[in-house]
Amino acid sequence: MMHTELNSWLLFDHLERHHADDEIVTRFTATGTTHRQTFGDLARRAQQLMHALDDLGIERGAPVATLAWNTFRHLEAYFAVPCTGRILHTLNLRLSPQELGYIIGHAADRAIIVDADLVPLLERVGPMPSVEHVIVMEAAAAEPSPTWHVVDYEELLADQPATYDRLDIPERAPLGLCYTSGTTGMPKGALSTHRSTYLHAIAVTSGAGFSIGPSDAVLPVVPMFHANAWGVPYACTAVGAKQVFSAGPLDPAGLVDLLVEEEVTIALGVPTVWLAVAEELARRGGARLPAMRHLIAGGAQPPRSLIERYRDEFGLSLVQAWGMTEMSPVGTVAWPKARMRHWSEERLLDEVGSKAGLPLPGVDMVLRDAEGREVPWDGESMGDLYVRGPWVVDGYYRGEGAECFTADGWFRTGDVAIGSPDGYMVIADRTKDLIKSGGEWISSVELEAAIMALPEVAEAAVVAVPDPRWLERPLACVVLRAGATLTLDELRDRLVGAGFARWQVPDRLEVLEEIPTTSVGKFDKKALRARFCADHPTERRAHG
């Protein structure tokens, strides 16, 4: 067999020949305008950017950061940076200036490609000794910077050749850098290679992944600055699927409009996004998304009630996926097996839809107890989840976090999971979010799923708070639907009726206007614990 280096050029190479007329759409939320270009345009402009990066004198192997929304220009950088042998470092624009400053310095970024409206955020970062070039997309729209000389992105591309001689990049050379705060301490860098990115992209396009092909139109609501938008931009480019981007956060109405207008067939986002979209569709009298094949929910376990709602009200599959930045990030997707096709909808939801899913080909998983012994996949036993595979990191950038990796080549995820006899995995909780009450473990994830199944509840998060007798007890934070009420006694009785023991149900209830979220859209339990760990009355209504 021929030996072919699995690198970014292999994902990028045949755009002009095979997908030149296929489309990339960017909706700019600030202006309401829509930009359209083809993959042929992408191929030419990305190669112009390759020449521009060379002309700036940035050495090969150096990190080039992006601080940008989901746009066609960001996609150009996705290929121009690694195809020239440099490292694409996507910066999370929802981090604080202090966190960004630490990450930029730790990565030693040589240049930053930034959206014009994010320049003020970059200004607040302060000195960035390693950064030599700040390239502003739509520089004319940016305020003049007192800190650096602004390089205009479009001027940088102008007059550059539209073809670039393909580099013979070794497949194990670094391609991308993304920092995660999923472990304790300061953010740690997960460094992907060309090989891992290629293999992950192909796995994501497969039927075991997100099932993306040339006939699809794909909208990642998940941001490109977080885990490469779950690898979707690379996957879509590889197969020529239409890509639809939102440059800036869309409100639910705007998102539904975009899904309908661009005839999106696959969309991906965190459960809170799909909760809001469901409410918007209902507000429109039960409107449908006629082109949609399926929705992917990741980042947190979607409530069973939400999966049922999409199935029953909108005729859509809301498919659960699980992964981590350290896994590039996709690890499992909850597709049913062929022998399950005649099962009832309720049985399918019980056995498949409510679980994180089946591991993608190439991802190996094992559950271990506190002594390191393997835990059986019997549908009941919980264990610490360890993973390994060709797109799983074998260490953090600059050798940090060694305690997360075992001598026999496994990465400890920090999740506690249960494996079913059918091979499906379900996340029981994050290790840090399990509640240990009187020596017994309580899963916050299971409680949250049950609470969000209540018709009065829109969102729910459960955290541990100190207790003088039991050490920890569960506290339920909920957002109620309009006009609904819920007392602590009602909540406890409903949960007991759903099968929870009395000692497992929350002792306290907090009704909030909204639940705080992290920079990637997950419920921010750290913020909730900080807010409610002090002694409070058993039940309190909190507004604002």
Subject >> Among the candidates LEU88, LEU95, residue that is touching a helix residue (DSSP H, G or I) at 6+ places or on another chain (Cβ under 9 Å) and either among the acidic types (Asp, Glu) or not in a strand (DSSP E or B) (or both) >> reply: LEU95
**OP:** Report, by residue number, each residue of segment 333-374 that is surrounded by fewer than 20 Cβ atoms within 10 Å (Cβ to Cβ), under 22 Å from PHE411 (Cα atoms), among the charged types (D, E, K, R) and under 25 Å from the mean Cα position of the chain (by Cα).
**Re:** ASP364
Subject >> Residue satisfying condition, being in contact with a His (Cβ under 7 Å, 6 or more places away or on another chain), surrounded by 16 or more Cβ atoms within 10 Å (Cβ to Cβ) and over 20 Å from ALA449 (Cα atoms), within set TRP377, TRP391 >> reply: TRP391
**OP:** Taking the residues in segment 491-544 that are among the small types (Gly, Ala, Ser) and assigned to a loop (DSSP other than H, G, I, E, B) as candidates, determine which candidate is modelled with the highest pLDDT.
**Re:** ALA498
Subject >> Residue check, ALA461 under 27 Å from the mean Cα position of the chain (by Cα) and under 22 Å from ARG309 (Cβ atoms) >> reply: yes
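Farther than 27 Å from ILE307 by Cβ and either hydrophobic (A, V, I, L, M, F, W, C) or without any contact (Cβ under 8 Å) to a residue 60 or more places away in the chain (or both): is that true of ARG492 in this structure?
Values: farther than 27 Å from ILE307 by Cβ: no; either hydrophobic (A, V, I, L, M, F, W, C) or without any contact (Cβ under 8 Å) to a residue 60 or more places away in the chain (or both): yes.
In short, no.
Has segment 424-431 got at least one residue that is in contact with a Leu (Cβ under 9 Å, 6 or more places away or on another chain), of a type in the set (Phe, Trp, Tyr) and in a loop (DSSP other than H, G, I, E, B)?
Yes, there is a match, as at least one residue in segment 424-431 is in contact with a Leu (Cβ under 9 Å, 6 or more places away or on another chain), of a type in the set (Phe, Trp, Tyr) and in a loop (DSSP other than H, G, I, E, B).
Of all the strands (runs of 3 or more DSSP E) wholly in segment 292-385, which have at least 3 residues that are touching a helix residue (DSSP H, G or I) at 6+ places or on another chain (Cβ under 6 Å) and either modelled with pLDDT of 95 or more or not charged (D, E, K, R) (or both)?
Numbers: elements: 294-297, 317-323, 330-333, 364-368.
Those strands (runs of 3 or more DSSP E) do not exist here; none qualify.
Of GLY401, GLY409, GLY423, which residue is more than 24 Å from LEU199 (Cα to Cα) and either small (Gly, Ala, Ser) or surrounded by fewer than 19 Cβ atoms within 10 Å (Cβ to Cβ) (or both)?
None of the others qualify; the one that does is GLY401.
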**OP:** Hey, could you check segment 183-213 for residues that are among the small types (Gly, Ala, Ser), in contact (Cβ under 8 Å) with a residue 40 or more places away in the chain and under 16 Å from GLY240 (Cβ atoms) and say which is surrounded by the most Cβ atoms within 10 Å (Cβ to Cβ)?
**Re:** ALA201
Original post:
What is the one condition in (1) closer than 30 Å to VAL392 by Cβ; (2) surrounded by 16 or more Cβ atoms within 10 Å (Cβ to Cβ); (3) at pLDDT 95 or above that GLU446 does not satisfy?
Top reply: (3)
Original post:
Of everything in segment 124-144 that's surrounded by 15 or more Cβ atoms within 10 Å (Cβ to Cβ) and assigned to a helix (DSSP H, G or I), which residue is modelled with the lowest pLDDT?
Top reply: ALA139
Original post:
Residue check, ASN228 against (1) within 30 Å of GLY395 (Cα to Cα); (2) in a helix (DSSP H, G or I); (3) in contact with a Lys or Arg (Cβ under 9 Å, 6 or more places away or on another chain), all met but one. Which one?
Top reply: (3)
**OP:** State all residues of segment 234-276 that are in a helix (DSSP H, G or I), surrounded by fewer than 23 Cβ atoms within 10 Å (Cβ to Cβ) and free of Cβ contacts under 8 Å to residues at least 40 places away in the same chain; if no residue qualifies, say none.
**Re:** VAL239, PRO252, ALA253, VAL256, ASP257, VAL260, GLU261, ALA276
Original post:
Within the set of pairs 6 or more residues apart or between chains, which connect a residue that is closer than 19 Å to ALA530 by Cβ and outside the structural domain of GLU513 (by TED's automatic domain parsing) inside segment 463-484 to a residue that is assigned to a strand (DSSP E or B) and of a type in the set (A, V, I, L, M, F, W, C) with Cβ atoms less than 7 Å apart?
Top reply: none
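The values are calculated or read from the model by the stated rules, or taken from the named source; none is laboratory data. In this text the structure is predicted, and so the values were computed from the model without any measurement. Glycine also receives a Cβ, built like all others from the backbone with ideal geometry; neighbour counts cover every protein chain displayed.
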